[in-house]
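Derivation of every value follows stated rules applied to the coordinates shown; laboratory data play no part. Here the structure is a predicted model, which is why all the values come from computation and not from measurement. Note: ideal-geometry Cβ built from the backbone for every residue, glycine included; neighbour counts use all protein chains shown.
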Amino acid sequence: MNVQFLSNEKGEKTAAVIPIEYWNKIKKQLKIEEPDFWNGLPDHVKDGIEKAQKQFFAGETKTDDEVMDSFKKYL
């Protein structure tokens, strides 16, 4: 196994990096589940993301230039 170590400015080891395959085995053995960030988001944020996705798939998007042009009057 190829383990890499991270160290601070004093040369003290502060972290270890292991291959993902070993991390996945460790998680399985210890029954560690990675948190699902979506479940932690407030409802208003989820609603906004879902609305944006619907607009995107419906083709209701604008280019960066179109958006910037609409704000030129404020600059």
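Data table
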item: Scan of region 48-75 for residues that are farther than 30 Å from Trp38 by Cβ, surrounded by 10 or more Cβ atoms within 10 Å (Cβ to Cβ) and among the hydrophobic types (A, V, I, L, M, F, W, C), ordered by number; result: Met68
item: Flag for Glu66 being within 30 Å of Val3 (Cβ to Cβ) and either in a helix (DSSP H, G or I) or under 20 Å from the mean Cα position of the chain (by Cα) (or both); result: no
